[in-house]
Each structure stands twice: as structure tokens, then as C-alpha cells.
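Below: the structure, in C-alpha cells.
Every number here is computed from the coordinates shown, using simple stated rules; none is lab data. Computed from a predicted model, the values in this text were never measured in an experiment. Here Cβ is always computed from backbone atoms with ideal geometry, including for glycine, and neighbour counts include all displayed protein chains.
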Amino acid sequence: MNFAGKVAVVTGAASGIGAAVAQGFAARGGTVVVADYNEQGARNQVQRITAAGGRALALRIDVTRAEDIQRMIDTAVATYGRLDLLHNNAYSFRSGPAGVWNISDEAWDHGINIGLTACFKAIRAAIPIMKSQGGGSIVNTASISGLFADVGASPYNAAKGGLINFTRTAAAEVDLASGSGDASHHHPPPRPAPALPITRWRD
């Protein structure tokens, strides 16, 4: 697969899944905005990508801040002229395992904001750009934890469960509105979901 001429924004790209996606996209000819709260980690990934001959830009963002999400999308378009892939991958735990009765409001809000609300805001910002240029893809990193209970991790489970169904809904809405779309989550659905993935909204 060749991504020459394509531009990706990947959140949580300083390490783990996000870093692997950024490196793989760049290795296949694409340009990547490596977005992460860990600025030095993002720069390290950019150094690895550019050392291998790829193109990438490091960007420090806090995905719980709407203005940072908008800046991320705007930076990609202003710098490279387009946005072909948005991968919502960022997540971080605010506290250790705990029963529901011991979870603070802060820990709950953090889990939902970073794992679900941030994805909604990024998708909302990206879709008009992708539609205007005639194509694009959105990937949300979900988890088996969105389908089954992990004891002691209810904010994470709730965020990932919500993200799975939000992804289905967003894909169906884009398809209904434009007859085209491509939205998918990282973990496959537990049963056939005709609205996911949608593949007609491609260049």
C-alpha cells in the first residue's frame, strides 16, 4: 500500500500503537503529524521517521482541550494542504484500578474526555475537510474492554464502549448525508454492523 501524497494526523503517537501507525504510514510514503501530550516523545518519533527518509511533524497537544484539537487539524491542513487520515488513538489513565464507589469525579471525567469526547471533537473538525477534498479515512482505537467488563477500569470501559457505538453512528451519518465515508474503530464489532466500515468515501 502506498500513501504518497497523503497526510495523516495520529494522536497518542509518541509511543505504542500510535507510534507504530505513524512509522508505518510514513514508511509507505505518507506524511504524518505526530500529535501527543509528550512533546519530547513526539519529537523522538519524528526523528526516527525522518531518519528513515519519511516526512513528519511533531505537535504537542492535550486532546482534552478543544482548542488543541482544532489547532492539530488546522496545523495539518495549513502545513501540508490536506488531511487524509485521522487516527484517534490517545488515552491515558488518571488513576489506578478502583471500584466504582472509589472513582473520583476527576478520574471519571478524564477517562471519558480523553477516550470519547476528544474523538468526537476531532472527527467533527476533520469531516468537513475530508468532504471538501473528496475523501478521507478516520480510525478510532477501541478495545475489547469496550465489549466486556474489566474490573477496576470502569472509566476506560465506558469510554471504549461508547467509542465503538459512536464510530458506528458517525459512519452511518456520513454515509447517509453524502453517500460516501470511511470510519472504523480499532477493534472489530461483535456482530455484523452494515454501517461499519463504510468504504465508498475514498479517493
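Between Ser104 and Ser178, what is the spin-label point distance in nm, taking each point 7 Å from the Cα along the Cα→C-beta axis?
Between Ser104 and Ser178, the label points sit 4.1 nm apart.
Check which residues have an amide H placed less than 5 Å from Arg55's amide H, if you skip close sequence neighbours.
Counting only residues 5 or more places away or on other chains, the set is Val32.
So for the chain, taking the charge dipole from beta-carbon charges (+1 Lys/Arg, -1 Asp/Glu), which of Gln40, Thr64, Gly115 sits furthest toward the positive end?
Result: Gln40, furthest along the dipole toward the positive end.
Quick one: check the C-alpha center-to-center distance for region 95-124 versus region 1-34, whole angstrom.
If we compute the Cα centre of each part, the gap is 26 Å.
Output wanted: per-residue J couplings in Hz (rounded whole) for region 166-174, from phi through Karplus 6.51 cos²θ - 1.76 cosθ + 1.60, θ = phi - 60°, x for Gly and Pro.
With the stated coefficients, region 166-174 comes to 4, 4, 4, 5, 4, 4, 5, 5, 5 Hz.
Per the Debye formula with a single identical scatterer at each Cα and no solvent contribution, what log10 I(q)/I(0) holds for region 71-140 at q = 0.16, 0.23, 0.25, 0.26 Å⁻¹?
For the requested q values the scattering log ratios are -0.63, -0.96, -1.07, -1.13.
Which value, in debye to the nearest 20, describes the size of the charge dipole of the chain about its Cα centre when Lys and Arg Cβ atoms bear +1, Asp and Glu Cβ atoms bear -1, and nothing else is charged?
That gives a dipole near 560 debye.
Using all Cα-Cα distances in the chain, what percent lands in each 10 angstrom bin from 0 up to the longest?
Percent of pairs per bin, in order: 9, 35, 36, 16, 3, 0.
For region 1-55, taking Cα atoms only, what is the radius of gyration to one decimal and the Dmax to the nearest whole Å?
In order Rg, Dmax, the Cα atoms of region 1-55 give 9.8, 30 Å.
Normalising by the residue count of region 1-70, find the relative contact order in percent from Cα pairs under 8 Å and 6+ residues apart.
29
To make sure I understand the rule: partners must be lysines, Cα under 27 Å from the Cα of Lys160, and not fewer than 8 residues away in the same chain. Which ones qualify?
Reachable lysines: Lys121, Lys131.
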